[in-house]
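Engineer: My questions all concern the structure below.
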Amino acid sequence: MTQAEIAYEHFTHRLAVETDADDVGSALQDSTADFVLIDARSPAAYAAAHLPGAINYPHRGLTREALAALPEGPIVVYCWGPGCNAATKAGAKIAALGREVKEMIGGFEYYVREGYPVEGEQAARFARDESGLVTLPSDARVER
């Protein structure tokens, strides 16, 4: 196997189990989301702010019964951000229970940094990163 073939296999496997905050945010914004969204953070973090339409299931509470109550189709799971592995743990459990699942890399943190809206008791505290270090200015965004 060549290095290019190894790289192709690696990246296509990652894309099969990962999505990113912009893809999720865009799908939620234009109503093309074809997935169930699970927030794997604590109930307190979820109550403070979460992605629109997300269901709170901390990874420890995910059971076959909980998943059976969800609509059919793929699941996207997220946690706080790159330093949190609750979404990874939840994704592993969801897959072990036979459901299609992807982890939203970057988590809640990068979703907010992209400027997408959130819901919750403290949603107003979470605003787009305007430092210019994380995102392009809104007039320079590239259409995908």
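Engineer: Please tell me if residue 144 is open to solvent by 70 Å² or more (accessible area, probe 1.4 Å), modelled with pLDDT under 90 and either among the acidic types (Asp, Glu) or farther than 16 Å from residue 45 by Cβ (or both).
Structural biologist: On the way: open to solvent by 70 Å² or more (accessible area, probe 1.4 Å): yes; modelled with pLDDT under 90: yes; either among the acidic types (Asp, Glu) or farther than 16 Å from residue 45 by Cβ (or both): yes.
The answer is yes for residue 144.
Engineer: Which is modelled with pLDDT under 95 and either out of contact with any helix residue (DSSP H, G or I) (no Cβ under 8 Å at 6 or more places or on another chain) or closer than 23 Å to residue 114 by Cα (or both), of 70, 37, 28, 62? Walk me through it before giving the result.
Structural biologist: Working: 37 fails: modelled with pLDDT under 95; 28 fails: modelled with pLDDT under 95; 62 fails: either out of contact with any helix residue (DSSP H, G or I) (no Cβ under 8 Å at 6 or more places or on another chain) or closer than 23 Å to residue 114 by Cα (or both).
Being modelled with pLDDT under 95 and either out of contact with any helix residue (DSSP H, G or I) (no Cβ under 8 Å at 6 or more places or on another chain) or closer than 23 Å to residue 114 by Cα (or both) holds for just one of 70, 37, 28, 62, which is 70.
Engineer: Another question, if that's okay. Considering only the range 8-16, I want to know if a residue exists there that is in a helix (DSSP H, G or I) and either of a type in the set (A, V, I, L, M) or closer than 20 Å to residue 72 by Cβ (or both). Even if it seems obvious, please write down each step before you answer.
Structural biologist: First, pick out the residues of the range 8-16 that are in a helix (DSSP H, G or I): 8-16.
When the remaining residues are screened for being either of a type in the set (A, V, I, L, M) or closer than 20 Å to residue 72 by Cβ (or both), the result is 15-16.
Within the range 8-16 (the criterion being in a helix (DSSP H, G or I) and either of a type in the set (A, V, I, L, M) or closer than 20 Å to residue 72 by Cβ (or both)), the answer is yes, since at least one residue qualifies.
Engineer: Now for a separate question. Against the conditions (1) hydroxyl-bearing (Ser, Thr, Tyr); (2) over 24 Å from residue 69 (Cβ atoms); (3) free of Cβ contacts under 8 Å to residues at least 24 places away in the same chain, where does residue 88 fall short? Just the number, please.
Structural biologist: (2)
Engineer: Looking only at the range 55-113, which residues are under 19 Å from residue 20 (Cα atoms), open to solvent by 40 Å² or more (accessible area, probe 1.4 Å), assigned to a helix (DSSP H, G or I) and not acidic (Asp, Glu)?
Structural biologist: If the condition is that a residue be under 19 Å from residue 20 (Cα atoms), open to solvent by 40 Å² or more (accessible area, probe 1.4 Å), assigned to a helix (DSSP H, G or I) and not acidic (Asp, Glu), then 88, 89, 92, 95, 110, 113 are the ones that fit.
Engineer: Among the residues of the range 17-52, write down those that are surrounded by 11 or more Cβ atoms within 10 Å (Cβ to Cβ) and either part of a loop (DSSP other than H, G, I, E, B) or among the polar types (S, T, N, Q) (or both). Lay out the reasoning, then the answer.
Structural biologist: Looking only at the range 17-52, we keep the residues that are surrounded by 11 or more Cβ atoms within 10 Å (Cβ to Cβ), and these are 17-29, 33, 35-43, 45-52.
Across the range 17-52, the qualifying residues are 19, 26, 29, 33, 35, 40, 41, 42, 49, 51, 52.
Engineer: Further, regarding this structure: Failed condition for residue 31, given (1) on the phi > 0 side of the Ramachandran plot; (2) touching a Cys at 6+ places or on another chain (Cβ under 6 Å), with all others met?
Structural biologist: The one condition residue 31 does not meet is (2).
The values are calculated or read from the model by the stated rules, or taken from the named source; none is laboratory data. Just so it is clear, the model here is predicted, and its values are computed rather than measured. Counting neighbours? That spans all protein chains shown, and the Cβs are built from the backbone with ideal geometry, glycine included. The protein model used for the area step is the full one, side chains on, heavy atoms only, and it has no ligands, DNA or RNA in it. Shrake-Rupley method; radii C 1.70, N 1.55, O 1.52, S 1.80 Å.
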